[in-house]
Amino acid sequence: MNEIAIPGFRRVPRTGVIYVMHRSRQHGYHPQDSEWANLGQGMPETGPLPGAPPRVEEIRIDPSHQEYSPITGDIELRQKVADLYNTLYRQGKASQYTWRNVSIAPGGRAALTRLAAALGNINMGHFLPDYTAYEELLSVFKAFIPIPILLDPDEAYQAPLSHLKKEILGRGLKALLVSNPCNPTGQLVEGERLRLWVQMARDYGCSLILDEFYSHYIYTDYGNGFPPKMVSAAHYVEDVNSDPVILVDGLTKNWRYPGWRLSWTLAPEEVINAVASAGSFLDGGPNHPFQIPALDLLEPEYVYQETQAVQAHFRNKRDYMIERLRAMGIVVEVEPMGTFYVWANLARLPEPLNDGLAFFRAGLSEKVITVPGIFFDVNPDQRRSHGRYGNYARISFGPEMEVLERGLDALERVIEKRR
């Protein structure tokens, strides 16, 4: 039964991270409790990092910004986003983004929800596994039909171009929703492969909706000079107003300001007009006071400095976590090329720890939090009866190093108790 006792309402499932945090609080978790280690968190540490620019610690609010923001955000911020992408990815290209190609939204989920609301009666492809919040997003809006595309560990959780083309042609896909780098596997489409994806979208008339929230957490070709490597399909767009490429990013991950709830969508003007209409009834517009201080965060030199610090710091945490997990008998099939997550295969652990839910519940007894892999088996409306990721967990190296160490020590204790 999907109904609840109050007439007219249905049970709305929690996303993976929200579910585990709810259960963790029932077991006594509090963010300020130094005995706990949250390795389930979907946000990066937000404090100072070696070599990073100073963090924003106070904001002065223009009295006029107590009023509603325009639905798509202030033009000044929209142009700043466009300028940043032109600098990072489009130097020397004839077609340039302008403020008309940018919409500001109150966070990444809101931006994706606007896009979902603007889609027509189409088939839209999505990958398995992928971001847990996509499941309900793909369920609520009934205009389009979500079509799953399975990623296989034997292919390093990558989709061959030939396979994607067959999916587009065979299933009549008109849009493809992808996180790149991928949450939870950390795999990345970049370089020539990404160029061919953009060309495929152009040639086959299939809109490519790319969630690029982790696009600065890149660990391939690390340390090869300045500026640091960042990945975006914006680099391969030929015409910003005709190529069917839609990009979503924001301050949450790459700038480490999740609480600001500011994101943006870059797309052809027609798409921006559509998501503006959707935003007018879905969310009413983004946070207004924070849009002015966000301008300084989008200066290219600031972005280069922050990204370089993030990559050095998080790569060290990534390597430390992978080494510890493998020593515990946890299989890391593919090392993350981006994000701050390890997609951990628990199959070789003793029962019942080889199950992601049981692993999560056992961790609570040692005050450590992980996210079961089943939450990334995106299954809108529960159309499929069989899942593939019961033996997996997503383990985050987003927190501070001392939390990471404490959490991995706790997981070690959990496993040793069963051996």
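Among ASP62, ASP74, ASP130, the largest mean-square fluctuation in a Gaussian network model of the chain, built with springs joining Cα atoms closer than 10 Å, belongs to ASP62. Label point 7 Å out from ARG55 along Cα-to-Cβ: which residues of the range 199-227 have amide N under 16 Å? No residues fall inside that zone.
Points 7 angstrom from Cα along the Cβ direction at HIS386 and ASN224: gap in nanometres? With each label point 7 Å from Cα toward Cβ, the separation is 4.1 nm. Highest mobility in the GNM of the chain, judged by mean-square fluctuation with C-alpha springs under 10 Å and restricted to ARG23, ARG315, ARG394, is found for ARG23.
When each of the peptides 348-358, 162-172 is scored by how many other beta carbons lie within 10 Å of its residues on average, the order from highest to lowest is 348-358, 162-172. Pairs of Lys residues in the chain, spaced 8 or more positions apart or belonging to different chains, with C-alpha separations under 29 angstrom: 21 in total.
Identify which of ALA156, ALA362, ALA94 has the largest mean-square fluctuation in a Gaussian network model of the chain, with springs joining Cα atoms closer than 10 Å. Evaluated over the chain, the most mobile residue of the options is ALA94. With contacts taken as Cα pairs under 8 Å at a separation of at least 6 residues, the chain carries a relative contact order of 24 percent.
Taking amide H positions as modeled 1.01 Å from N, with prolines and chain starts lacking one, the residues under 5 Å from ILE246 and 5 or more places away or on another chain are LEU208, ILE209, LEU210. Of the beta bridges in the range 63-303, as assigned by DSSP with both residues counted there, near 30 percent are antiparallel. Per-residue Cβ neighbour counts within 10 Å put LEU77, LEU282 in the sequence LEU282, LEU77, beginning with the fewest. Sorted fewest first by neighbouring Cβ atoms within 10 angstrom, SER277, SER24 come out as SER277, SER24. Taking a point 7 Å from the Cα of GLU67 along the Cα-to-Cβ direction, the residues of the range 287-308 with backbone N closer than 17 Å to it are 287-292.
The structure-derived value of Cα extents along the principal axes in Å appears in the list [x] 60, 60, 32; [y] 118, 46, 42; [z] 62, 51, 50 under the label [z]. When only Cα pairs below 8 angstrom with a gap of at least 6 residues are kept, the range 63-303 shows a relative contact order of 30 percent. Once the C-beta distance of GLU301 and GLU269 is scaled by a Förster radius of 22 Å, the resulting FRET efficiency is 0.15 to the nearest 0.05. Between GLU335 and SER277, the FRET efficiency from the beta-carbon distance, with R0 = 30 Å, is close to 0.10. Note on the range 63-303: along the principal axes its Cα atoms extend 54, 46, 33 Å, ordered by decreasing extent. Share of Cα-Cα pairs in the range 148-210 beyond 17 Å, in percent? For the range 148-210, the share of Cα pairs beyond 17 Å comes to 36 percent. If R0 is taken as 51 Å, the Cβ-Cβ distance between THR98 and ARG11 corresponds to a FRET efficiency of 0.70. So how far, in whole Å, is the C-alpha centre of the range 263-280 from the one of the range 302-362? Cα centroid of the range 263-280 versus Cα centroid of the range 302-362: 35 Å apart. Loop-located trypsin sites (Lys or Arg not before Pro) in the range 44-87 (DSSP state not H, G, I, E or B) with no more than 15 neighbouring Cβ atoms inside 10 Å: ARG55, ARG60.
The ranking of TYR204, TYR157, TYR97 from fewest to most other beta carbons within 10 Å of each one's beta carbon is TYR204, TYR157, TYR97.
Bear in mind these aren't lab numbers, they're just calculated from the coordinates by the rules spelled out. Computed from a predicted model, the values in this text were never measured in an experiment. Cβ: placed from backbone, ideal geometry, glycine included. Neighbour counts: every protein chain shown.
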